[in-house]
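To keep things clear, I will list the structure first and then write my remarks on it.
We did not get these values from a lab; they are worked out from the coordinates using the rules stated. Since the model is a prediction, treat every value here as computed from it, not as a measurement. Ideal geometry is used to build each Cβ from the backbone, glycine not excepted, and the neighbour counts take in all protein chains shown.
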Amino acid sequence: MINDPVQGFTGVGSQEGRMYEDERTTRLQRRRRVGYALCIALWLISTIPLARLSSDEGGGAAVAGGYLAAGLAVALVIRGVYTRTTRRPFWSPWLFVIAAILAIMSYGIQSAGDEPFRPGASEGAESRQSTHEPTNSSSSAS
C-alpha cells in the first residue's frame, strides 16, 4: 500500500508527510487556477468570431454578449445536472469550455441558412448567368 507506515511514506505525525501534503495541495491549487484562467480566456476569446460574424447585422458586441450569456446559462444547467448525478464539485474549468463551445455552436446553428454577404458578388453572379444561359437547341433538333 502507498500510505502504509511500514513503507515509510507519510507517517501520521512526520514532518516529511506534512511537507509533502502541503506541497501537493499548493501544486493542485496552482493547476486549478491555471485551468480556470485558460478556460475563462477561451470563453472570452470566443467573442471575437461571434462579434465578427454578427457585425454584418449590426450590434456585434451586444449579439456576441447574448450568445456568451446564453452559452453560459446552458453550461450551468448541464454542469448542475452532472454534479447532482455524480456528486462532484459544481465549479470546474470545464464549465467555461462548454459555455464557449455552446456559444459558437448556437450562432452557427442559427445562421446556418443565411447566405454570407460579399459585396460585389451578386453583380458578378448575375452577369455570369446572363452570358452562360443554357439553351436546349440540341435536344429539340432530334
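Peptides 66-75, 17-26 ranked from most to least packed by the mean count of surrounding Cβ atoms within 10 Å: 66-75, 17-26. The Cβ shell under 12 Å around THR25 holds other residues with a net charge of +3, Lys and Arg each +1, Asp and Glu each -1.
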